[in-house]
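*Asks:* Sending over a structure as structure tokens; questions will come in a sec.
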Amino acid sequence: MHVFRQGDLDGLCGVYSIVNAARVVARLGPDESAQLFERLVRQVGTAARVTNGLGRGLMDELLRQVAADVLTCHKPFRRVRQVPLQLFWSEASGFLAQPPGRARAVILCLDTPGWSHWTTVVAVTERQARLVDSDGRKALDRRRCTTGRMTAARPYAIRPTYTYFLS
């Protein structure tokens, strides 16, 4: 028998990415995290949204209307059509590193041939991004990423216009 995990029947990875970012940035405890989760799910609302996942418009709404009391959101690539991976990686790395000692997070959308997924990045090195992710993924290897068209060698497409810098 297949045991279902978060994400098998719902598309709430966006909600989880916001809660995980808030835990990192605002140092929310379990009770505060559960309260934020409840407010976010209430805003998501319908079953269709829960099962089909969250698009950029709904993520914008959730961050602006529900999580604004714990997260300050900036969308650095909101109006940029093409962002080379080097620029994306450099901007995310620089944002997460500044200022030293202050927690920050980046929420990004990953596309693969089979699914799209919101995840939370907490650190970026030259080789990988360290994740706090609802599906258990710990890191994203830069060599396997692109900001353009996916290939067999680069099956993870980062969508810069779907990226949120959070402090």
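*Asks:* Does the range 83-95 include one or more residues that are of a type outside the set (D, E, K, R) and at pLDDT below 95? Steps first, answer last, please.
*Replies:* Taking the range 83-95 as the starting set, the residues that turn out to be of a type outside the set (D, E, K, R) are 83-90, 92-95.
Now narrow it down to the ones that are at pLDDT below 95: none.
No, there is no match, as no residue in the range 83-95 is of a type outside the set (D, E, K, R) and at pLDDT below 95.
*Asks:* Yes or no: LYS138 of a type in the set (D, E, K, R), modelled with pLDDT of 95 or more, in contact with a strand residue (DSSP E or B) (Cβ under 9 Å, 6 or more places away or on another chain) and more than 30 Å from GLY45 (Cβ to Cβ)?
*Replies:* Yes, satisfied.
*Asks:* I've got another one for you. Just the residues that are in contact with a Pro (Cβ under 8 Å, 6 or more places away or on another chain) and not acidic (Asp, Glu), please, taken from the range 77-107.
*Replies:* Step one: filter the range 77-107 for residues in contact with a Pro (Cβ under 8 Å, 6 or more places away or on another chain), giving 77, 80, 83, 88, 91, 95.
Result: PHE77, VAL80, VAL83, PHE88, PHE95.
*Asks:* Follow-up question, since we're still on this one. Looking for something among the small types (Gly, Ala, Ser) and touching a Ser or Thr at 6+ places or on another chain (Cβ under 9 Å) - is there at least one such residue anywhere in the range 64-84?
*Replies:* Going through the range 64-84, the residues among the small types (Gly, Ala, Ser) turn out to be 67-68.
After this cut, where a residue has to be touching a Ser or Thr at 6+ places or on another chain (Cβ under 9 Å) as well, the list is none.
No, the conditions are met nowhere in the range 64-84.
*Asks:* Let me ask something else. Going by the conditions given, is ASP10 surrounded by 11 or more Cβ atoms within 10 Å (Cβ to Cβ), touching a residue at least 40 places away in the same chain (Cβ under 8 Å) and acidic (Asp, Glu)?
*Replies:* Yes: the conditions hold for ASP10.
*Asks:* Let me ask something else about it. Check whether at least one residue in the range 157-166 is of a type in the set (Val, Ile, Thr), touching a Phe, Trp or Tyr at 6+ places or on another chain (Cβ under 7 Å) and assigned to a strand (DSSP E or B), and report yes or no.
*Replies:* yes
*Asks:* Let me ask something else about it. Condition first: in contact (Cβ under 8 Å) with a residue 60 or more places away in the chain, surrounded by 15 or more Cβ atoms within 10 Å (Cβ to Cβ) and acidic (Asp, Glu). Now tell me which residues in the range 111-162 satisfy that.
*Replies:* ASP133
*Asks:* Still on this structure: Just wondering, is there one or more residues in the range 37-46 that are surrounded by 14 or more Cβ atoms within 10 Å (Cβ to Cβ) and either part of a loop (DSSP other than H, G, I, E, B) or touching a strand residue (DSSP E or B) at 6+ places or on another chain (Cβ under 8 Å) (or both)?
*Replies:* The answer is no, given that none of the residues of the range 37-46 is surrounded by 14 or more Cβ atoms within 10 Å (Cβ to Cβ) and either part of a loop (DSSP other than H, G, I, E, B) or touching a strand residue (DSSP E or B) at 6+ places or on another chain (Cβ under 8 Å) (or both).
The values are calculated or read from the model by the stated rules, or taken from the named source; none is laboratory data. Keep in mind that what you see is a predicted model, and the values were worked out from it rather than measured. Every residue, glycine among them, receives a Cβ derived from its backbone with ideal geometry; neighbour counts consider all protein chains shown.
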